[in-house]
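The structure appears below as structure tokens.
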Amino acid sequence: MIKIDKHHGIVMPLDRHNVDTDAIIPKQFLKSIKRSGFGHNLFDEWRYHDHGEPGMDPASRKKNPDFVLNQPRYEGASILLGRHNFGCGSSREHAVWALIDHGFRVVIAPSFADIFYNNARKNGLLCIVLDEDLVDLLFREVTQNPGYRILVDLPTQQIVLPNRHTIAFDIDPFHKECHIRGLDDIGLTLEHATEIRAFEEKRRQTAPWLFNN
Amino acid sequence: MSGKTLYDKLWDAHLVRQDEGGMALIYIDRHLIHEVTSPQAFEGLRLAGRKPWRTDSILAVPDHNVPTTDRSLGISDPVSRLQVETLDQNCAELGITEFLMNDPRQGIVHVIGPEQGATLPGMTVVCGDSHTSTHGAFGALAFGIGTSDVEHVLATQCLILKKSGNLEIRVDGQLAPGVSAKDVVLAIIGKIGTAGGTGFAIEFSGSTLRSLSMEGRMTVCNMAIEAGARSGMVAVDDTTINYLAGRPYAPKGELWDLAIKSWKALHSDPDASFDRSVSLDASTIPPQVTWGTSPEMVVSIDQVVPDPDNETDSVKREGMRKALAYMDLKPGTPITDIRPDHVFIGSCTNARIEDLRAAAAAIRGRKIARGIKQALVVPGSGLVKRQAEAEGLDKIFTDAGFEWREPGCSMCLAMNADRLAPGDRCASTSNRNFEGRQGQGGRTHLVSPAMAAAAAVTGHFTDTRREQA
């Protein structure tokens, strides 16, 4: 997974509640058996006027100039500012892969759907939960100031605004460490393989019908 | 000391280790796999030189991409075909049990798990699919995971999790005739919102839940995720045990007796405390219809499309406006005036035999209305299909003008050829009315099987309570 400690980048606002993973990456692109290549189809139905299918050349597509992702002022944005319940719906990790593939490293929102949050953490996409009024403030700032950039400082758990004001944020200490060190969960878990085996053996004794197939 | 909730009991029974930070290692008993969210996990496993920890915990089936028309020639879309073949190859190579596309037991993963008795009370059940919450109907801890976690479970038989809060949703009272489990869960989502259950495990309780069949309970738990909760569950009772008796993967003989003893403890203790409780009166729930692009945008059949001008929250108001524009609906329109041109009866929410019976009963020898361009029935599994045919339901549907299809996810998410065209309006028994969910530009109204069937024959949304009267 991608490591992240300090990240300075352009903010792109997506002013909608309940942005679901079907919107982030529509189903026709889930047929891929790879983890990469989803970036061109991030927000496909909002981003293009024509219908997208896997394998289409993005240069030949009809872009929707009204959608934030196509606006020059947000070009190169790596921090996505969202609303309530971001990433709800389907468990497709392709949504996280698409955001990362496009270049996003951080998503800030008042709340995230649980599965999306977990998928993001597993891939090194940092999700920051902020109070609604702070999110409102960021929406105002980013829409009023073209090229608006912020610094996300994970070790100190702060967001530094261009005016040097800071916003503190909370994050689970385990999640924080995984992000900073780019830890592989499977490797971490396998360090406890002996405990898992012991648990499994005990379970085989107490619930033998679960080991019957 | 207060007692434990069902969720507490399931959690404790699977806790391998607990870290000081609150992260826990939880053992997984059953891993269900389908073709869409697994290929990258198998590839990751292979690249790291790892092997599956316990192949006998896994059951695999292709469901999302499979065609629902004649399958004898295979899958025509080469990209879909490759994905299904990749699943077949991975399972064959690693010795994982898979129901292949043309196996009569094939079907939607959340239909076949319970149908086979592969989902059992007291289990932890995971699958790379958010509707895994369905299996919680059996008093199991069941939840959807992403592909990285699919790989994690393959490699370690465990997941790193943080315990959720306990949310009780209590539904008491008798449902009116023509009102079903689907209406109950849509009413719940309407009440608590699509993020109302975020961070919680939901236990559905109360006399209404107790009186629901296992299939009804599965419908309710299936949509726990639409209320934001990764898992929903119902305590074990005789209904649970009777459903499981004799199923192929359920224990037999002495093991069955032993299992039942243990399952009977799978309920919340009377003095258990919940972090949050919500209650609903079932007798006042009318049939539900969604009008917007989120499952919380739902009203009763006897109401009208709401007016964004009455919403005080500005972001919500803008969301309602966008939804109305997408759905091409005007505030104040009676729900019964909305005329779908497509009907979809299927999905892991509502494609079991009781769903098909309820839909068939609502047709009662009538024909689909003139304005309906396509009406599909997609059974949840090959065995559901066979059972329905034995009961003559297929004939009721086809006589009315419905198409009778092969099992799969189909138009719930439109990964295969079954999809809406831009502007199409569908009465659907599925679980998500997101923009583009059933096909780009398609408009989805979520309803129960009886409501979908009634809309098919009348040409507009119709109150199934009156139909019953």
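The values are calculated or read from the model by the stated rules, or taken from the named source; none is laboratory data. Here the structure is a predicted model, which is why all the values come from computation and not from measurement. Cβ coordinates were reconstructed from backbone atoms using ideal geometry, including for glycine residues, and neighbour counts include every protein chain displayed. Please note that ligands, DNA and RNA were not included when accessible areas were found on the heavy atoms of the full protein model with its side chains. Shrake-Rupley method; radii C 1.70, N 1.55, O 1.52, S 1.80 Å.
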Original post:
How many of the residues in region B:318-339 are open to solvent by less than 30 Å² (accessible area, probe 1.4 Å) and farther than 19 Å from residue B:436 by Cβ?
Top reply: 2
Subject >> Scope region A:10-51; condition assigned to a strand (DSSP E or B) and under 26 Å from residue A:149 (Cβ atoms); matching residues >> reply: A:10, A:11, A:12, A:13
Original post:
Which residues, counting only those in region B:408-426, are buried (at least 24 other Cβ atoms within 10 Å of the Cβ) and either assigned to a strand (DSSP E or B) or of a type in the set (D, E, K, R) (or both)?
Top reply: B:418, B:426
**OP:** Write out, first by first residue and then by second, each pair whose Cβ atoms fall under 7 Å of each other, whose residues are 6+ apart or on separate chains, and whose first residue, in region B:149-160, is at the interface with chain A (Cβ under 7 Å from one of its Cβ atoms) while the second is of a type in the set (Phe, Trp, Tyr).
**Re:** B:155/B:53; B:156/B:53; B:157/B:27; B:157/B:53; B:158/B:27
**OP:** Please name all residue pairs, on different chains or six or more residues apart, with Cβ atoms under 6 Å, provided the first residue is in region A:173-187 and is more than 9 Å from chain B (Cβ to nearest Cβ) and the second residue is open to solvent by 60 Å² or more (accessible area, probe 1.4 Å) and not charged (D, E, K, R).
**Re:** A:182/A:1
**OP:** Please specify each residue of region A:190-210 satisfying the condition of being more than 7 Å from chain B (Cβ to nearest Cβ) and open to solvent by 30 Å² or more (accessible area, probe 1.4 Å).
**Re:** A:191, A:194, A:197, A:198, A:201, A:202, A:204, A:205, A:206
**OP:** Check whether at least one residue in region B:141-164 is among the polar types (S, T, N, Q), assigned to a helix (DSSP H, G or I) and surrounded by fewer than 23 Cβ atoms within 10 Å (Cβ to Cβ), and report yes or no.
**Re:** no
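Take the residues in region A:139-169 that are of a type in the set (Val, Ile, Thr) and open to solvent by 40 Å² or more (accessible area, probe 1.4 Å), then tell me which one is farthest from residue A:13 (Cα to Cα).
A:156
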Original post:
Are any of the residues in region B:284-300 farther than 27 Å from residue B:178 by Cβ, in a loop (DSSP other than H, G, I, E, B) and either touching a residue at least 40 places away in the same chain (Cβ under 8 Å) or of a type in the set (Asp, Glu) (or both)?
Top reply: no
Original post:
Which of the helices (runs of 4 or more DSSP H) contained wholly in region B:168-272 include at least 3 residues that are of a type outside the set (Asp, Glu) and within 10 Å of chain A (Cβ to nearest Cβ)?
Top reply: B:253-263
Original post:
So, of the residues in region B:54-91 that are small (Gly, Ala, Ser) and under 26 Å from the mean Cα position of the chain (by Cα), which turns out to be surrounded by the most Cβ atoms within 10 Å (Cβ to Cβ)?
Top reply: B:57
